[in-house]
Amino acid sequence: MAGMNIDETHDPARQSWVASANGHPDFPIQNLPFGVFSAQDGGPRGGVAIGDAIFDIAAALEAGLFTGPAREAAEAASGRTLNQLLAAGSAARRALRRRISALLDAGGREKDSAIAAGLVNDASVCDLHLPARIGDYTDFFAGISHAMNGGKLNRPDNPLMPNYKYVPVAYHSRASSVRVSGGEIRRPNGQRKPAGQDDPDFGPCRNLDYELELGIWVGDGNRLGEPIPMREATGHIAGFCLLNDWSARDIQTWESAPLGPFLAKSFSTSVSPWIVTAEAIAPFRKPQAPRPAGDPRPLPHLWDDADQAEGALDIDLSALIRTPAMRDAGLAPVALTQSNARDLYWTVAQMVAHHASNGCNLNPGDLFGSGTISGVEPSSFGCLLEISRAGQQAVTLPNGETRRYLEDGDEIFLRAHASAPGFVSIGFGECRGRVSPAL
C-alpha cells in the first residue's frame, strides 16, 4: 500500500518557492493538506497549506493552471466545502496533489507562471473553516491503554468489557457541534450526581476534560446495505486531522448507563482545520503491533494481511495546556500528554470496515474519532481523567499551579507530527480551544 503510493511529491530534496515551507515543522511541500479558508478578498474556498501561506485552488483554476484529471479534482476542491473532492476518491486527490506540488516546486518549470498568478495568501490574515460538511460523526474507543486506565478506576480486576478485543467499540456522537480549532469551549451544564449525594442536581460541569484523538475523514462512501470489505477499507479514508473530544466527566458518569455518553460529549468537539491526506501519510505507515499472547485474532471481516503489514500510523501526538496565569505571564503552553498513534489497538481500516459491516452507509465528509490515544506511561496518558486518576491526584504545572480538571480560561493545544527515515517530517497544524464559563 504505502510503497505503491510513494512518488515525486514525497521527495525529501524537493523545495518550494514559498520560502517559509522549507523546513516548516507542519507544512513543507511534502505535506500539502487541503482545507477551506477565506481571505479579505472573498468568501470560503478550497486551499492548501504551504509553509505560512495558503495556496488558492480557485485562483489557480482561474489562471488556467490545471488540465485533465487534476482540473476536475481542482474544481471539486475549490468550493465552500471539500465534500466533492472527498467523494472523488484517491486517484483524484493524487492527481491534484501532484499538480499542486509541481506548481509550488522551486525548481519546477512552471514556477514563474505560478508566482505571477498570485496563488498564495498569507495564512495569518486568513480565516479557516471546517473543511467539509459533516453528515455523521462517530467516536471510537480504539486506544487500549485509555480503555484500561479508565476501566481500572471502576473495575480494577476486570477493566475491559468482554467485547473490547473483538469489536472496534464506538458511539454515534453529534456532528452539529463539531467546530474548527480556535473557538471558545463553553463549559456545559448538566445533571451531576457526586458520590455520597442521594439525588442528582443540575449545574455547570465540574470535571471538564480534553481527549487527545486523531480525526479520520471518510472519502468515497458505500451504498446502504453494501459493506466495505477489509481489503478495500483503506481506500475509503481520505485523510486525517487532530480531534479534541471535550468531555464533561461528572455528567458522563451519571448519564452513561445504560447507553453510553450523550450530553457529556455533544456540547463541543474541536478539529484541526487541515485534512492531511492519506497520500501524504503514506511514508509513515507501519506494521500493526502483534496482539499480546492470549488476545483473540480479529474475526475474518476485520482481518487483512496488507492492513496488518502497513495499517498502523507512526504519528507523535501531544496535548498542552496554558492557564490564564501562564498567559498573563507570557509563558508558553506546557505538555500534559505525549503519545503515538501506534498505540491504537485497532487500525483505521478496521474502524471503517466494522462501521460498514452491517451495511451502514458512510458518506464523503463523515468524521471518525480514533478514541483517546494513550500509551502505557503516565506521561503518555491522553486525558486528565487518566492523569489525575479521576481527580484523585492533582497535576502540578511548572509555574506551581495545579489541575485535576480544566478550569475556566484554560487553553488546550493538540499537535502532531509524523516522521520516518528518508522522508521529510510533516505536521497537522494545531487544534486548540479555550474554556469559557458556563451560562
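The values are calculated or read from the model by the stated rules, or taken from the named source; none is laboratory data. Bear in mind the structure is a predicted one, so any value in this text is a computation, not a measurement. So basically every Cβ, Gly included, is an ideal-geometry build from the backbone, and we count neighbours across all protein chains shown.
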The one condition in (1) in contact with a Phe, Trp or Tyr (Cβ under 6 Å, 6 or more places away or on another chain); (2) farther than 25 Å from G422 by Cα; (3) among the small types (G, A, S) that A39 fails to fulfil
(1)
Checked segment 1-36 for anything touching a Leu at 6+ places or on another chain (Cβ under 8 Å), surrounded by 24 or more Cβ atoms within 10 Å (Cβ to Cβ) and among the aromatic types (F, W, Y); matches are F34
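So that you can scan it fast, the table gives a plain yes or no per residue for (1) under 19 Å from the mean Cα position of the chain (by Cα); (2) among the small types (G, A, S):
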site: R109; (1), (2): no, no
site: A123; (1), (2): no, yes
site: C126; (1), (2): no, no
site: D136; (1), (2): yes, no
site: P159; (1), (2): no, no
site: P162; (1), (2): no, no
site: V169; (1), (2): yes, no
site: A175; (1), (2): yes, yes
Matching residues in segment 86-140 (of a type outside the set (G, A, S), part of a loop (DSSP other than H, G, I, E, B) and modelled with pLDDT under 95) number 3
Is it the case that some residue within segment 408-418 is closer than 17 Å to P333 by Cα, among the small types (G, A, S), in contact (Cβ under 8 Å) with a residue 24 or more places away in the chain and buried (at least 24 other Cβ atoms within 10 Å of the Cβ)?
yes
Those residues of segment 363-388 which are assigned to a loop (DSSP other than H, G, I, E, B) and closer than 26 Å to A289 by Cβ, in sequence order:
S370, G371, T372, I373, S374, G375, V376, E377, F381, G382, C383
Of the residues R285, R297, R291, only one is basic (K, R) and in contact with a Leu (Cβ under 7 Å, 6 or more places away or on another chain); which?
R285
Exclusive hit being part of a strand (DSSP E or B) and crowded, with 20+ Cβ neighbours inside 10 Å, set G203, G190, G150
G190
A102 - would you say it is touching a Ser or Thr at 6+ places or on another chain (Cβ under 6 Å), surrounded by fewer than 21 Cβ atoms within 10 Å (Cβ to Cβ), more than 30 Å from C360 (Cα to Cα) and of a type in the set (G, A, S)?
no
